[in-house]
Amino acid sequence: MSDQELHIVGGGMAGSEAAWQAARAGVRVVIHEMRPDVGTFAHKTGDLAEMVCSNSFRSDDDEQNAVGLLHWEMRQAGGLIMEMADRHSLPAGGALAVDRDGFSAAVTERLRAHPLVRVEGGEITALPEAGHWIIATGPLTSEGLGQAIAAETGAEALAFFDAIAPIVYAESIDMGTVWAQSRYDKGETDEERKAYLNCPMDKVQYEAFIDALLAADKTEFHEGETAGYFDGCLPIEVMAERGRETLRHGPMKPVGLTNAHRPEDKPYAVVQLRRDNALGTLFNIVGFQTKMKYGAQTEVFRMIPGLENASFARLGGIHRNTFLNSPTLLDDRMRLRSRPHIRFAGQITGVEGYVESSAMGLLAGRMAAAEILGRDLPPPPPETAMGALIHHITGGAEAKTFQPMNVNFGLFPPLDGVRGGRKGRKDRYKGYTDRAKELWTAWLAETRADLAAE
Ligand SMILES: Cc1cc2nc3c(=O)[nH]c(=O)nc-3n(C[C@H](O)[C@H](O)[C@H](O)COP(=O)(O)OP(=O)(O)OC[C@H]3O[C@@H](n4cnc5c(N)ncnc54)[C@H](O)[C@@H]3O)c2cc1C
């Protein structure tokens with residue numbers, strides 16, 4: 001096998017985009033795709049870039065929405081996934097919905113027709129020893145390969161289910177109600193002793209909260225998913241079903257905490273929030289993984305004192321989802337630190353969604369191609385949507401509590417001199433997207449030479 005070929009395992013959203021980007025740079029690519037010989041519980045076809053569930057690429061608003069901005073950045077970079085999504089789009093208001101069959105058939109056809117791309121069938125079950133590789137096998141990575149990855153990374157660093165607690169924008173938390181304190185003031189530094197934000201509840205509030213949890217609409221597991229995670233991280237509503245006091249003895253226990261605003265009031269229960277990124281713009285609700293439907297989640301979580309006006313960067317969920325602890329395992333070029341000839345891309349890196357996965361495929365494909373061409377492609381600046389995502393998964397996220405992430409403005413470095421809070425939101429989002437577009441355009445221009453075959 002030539003050292004100058006790029007091998008991509010998995011021809012899903014990320015693998016297809018990575019292949020396209022590398023082939024456009026003049027690099028020969030082999031896509032190893034196990035379907036249709038070996039299936040998954042969610043995929044139905046043998047096509048590349050199959051959309052396994054919804055047919056939406058979410059908001060297409062590139063001025064006010066972070067995922068819309070990611071669309072824009074991928075279009076500027078000549079992304080195949082966006083080109084085919086646009087070509088097969090369906091009317092859906094401000095969202096980008098696509099005809100799923102037309103879309104994946106077109107991606108498959110375009111890649112198969114490219115003279116530098118070869119698609120090979122068959123499941124890859126071992127980590128390659130040499131060559132240039134991208135593993136983009138997604139949330140449903142086959143069992144054999146999953147085991148090989150776990151053997152390399154250590155079982156702790158590869159998860160098979162996510163357990164996502166909701167994430168709140170820091171600026172939307174009412175600091176007049178919550179206070180910063182770690183339980184029993186634990187920690188070496190002042191920062192550690194104040195690592196958590198605490199939302200106090202009295203008995204009446206707690207009882208109403210439990211009632212709302214019990215009554216909320218829940219989602220079911222997909223057929224073929226199993227709930228093998230259950231003992232490790234129960235959804236909060238399941239804990240509540242086990243007994244009204246269970247949460248008060250679990251994630252909502254009020255011990256070791258003193259309300260800084262009203263020290264004489266002993267809270268009956270406390271909900272804790274923990275910082276979720278180095279920037280301090282996002283906080284997750286500790287231990288609040290849930291299968292409640294999204295609408296129910298916002299309603300129930302806004303009952304928590306201090307979160308009445310919370311804006312959610314993402315809501316909670318639990319899914320079958322194979323993903324790496326990327327902040328510890330990958331470098332900022334998406335290479336496995338222990339085997340740098342292997343890159344990872346797509347949902348397995350701990351991003352979530354069709355768009356984010358394709359975006360990480362785009363970057364991995366470009367980085368791998370540059371390397372084969374004897375160059376080094378740096379990651380894009382963190383002020384771009386692409387850069388915000390890659391910086392988050394390869395360093396900005398808290399490694400200990402790492403869970404898959406959608407793109408959102410909480411991942412972007414804050415803007416100077418703009419108004420905070422809800423009132424300033426429109427101008428702030430426009431500020432983020434204007435800044436990102438300028439920097440993304442410049443990054444594409446600066447790095448163009450790194451992707452030119454000689
Ligand atoms: C049940 C379910 C529902 C989802 N619903 C949505 C949704 O509605 N919207 C959304 O945005 N996201 C959804 N997702 C997440 C979605 O899967 C990702 O957003 C996206 O498909 C990830 O892209 P990817 O390229 O990383 O993985 P995939 O698109 O899954 O591609 C991975 C590819 O690798 C192949 N593969 C796996 N193992 C091997 C192997 N060992 N050898 C060779 N090939 C292999 C697979 O066959 C597959 O083609 C859902 C995920 C699941 C599991």
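Each peptide among 184-192, 156-164 gets the average number of other Cβ atoms lying within 10 Å of its residues, and from highest to lowest they stand as 156-164, 184-192. So, counting K/R as plus one and D/E as minus one, what does the shell of residues with Cβ under 14 Å around D185 add up to? With Lys, Arg at +1 and Asp, Glu at -1, the neighbours total 0.
For the chain, adding -39500 (n - 2.57) for each run of n ≥ 4 DSSP H residues and dividing by the number of residues yields -9500 deg cm²/dmol at 222 nm. Rolling a 1.4 angstrom probe over the protein heavy atoms with all chains in place gives the stretch 327-405 an accessible area of 25 Å² per residue.
Measuring only protein heavy atoms, the 1.4 Å probe finds T246 accessible over about 50 Å². Packing around the peptides 47-56, 235-244, 72-81, taken as the average count of other Cβ atoms within 10 Å per residue, puts them in this order, highest first: 72-81, 47-56, 235-244. Here the spin labels are modelled as points 7 Å beyond Cα on the Cα-Cβ line, and at Q76 and R112 they lie 3.4 nm apart. For the stretch 267-407, what % of the accessible area comes from carbon and sulfur atoms, probe 1.4 Å? Looking at the stretch 267-407 in its full context, I get 49 percent from C and S. Note on the stretch 42-121: with neighbouring protein chains present and a 1.4 Å probe, carbon and sulfur make up 48 percent of its accessible heavy-atom surface. Other residues whose C-beta falls under 13 angstrom from the C-beta of L377 contribute a net charge of 0, scoring Lys and Arg +1 and Asp and Glu -1. Oblate is the label for the stretch 354-454, because the ratio a/c of its alpha-carbon gyration tensor axes (a ≥ b ≥ c) is 1.5 or higher and a/b is not greater than b/c. Only lysines eight or more places from K426 in sequence, or on another chain, were considered; those with a Cα closer than 30 Å are K293, K437.
Computed extension length for E398-E83: 110.0 nm, one decimal, from 0.36 nm per residue of separation with the Cα-Cα distance subtracted. In the context of the full set of protein chains, the stretch 1-140 has a per residue accessible area of 39 Å² (1.4 Å probe).
Entry comment: accessible area of the stretch 238-316 is 42 Å² per residue, from protein heavy atoms only and a probe of 1.4 Å.
The values are calculated or read from the model by the stated rules, or taken from the named source; none is laboratory data. Since the model is a prediction, treat every value here as computed from it, not as a measurement. Every residue, glycine among them, receives a Cβ derived from its backbone with ideal geometry; neighbour counts consider all protein chains shown. Surface accessibility is based on the protein's heavy atoms, side chains included, excluding ligands, DNA and RNA. Shrake-Rupley method; radii C 1.70, N 1.55, O 1.52, S 1.80 Å.
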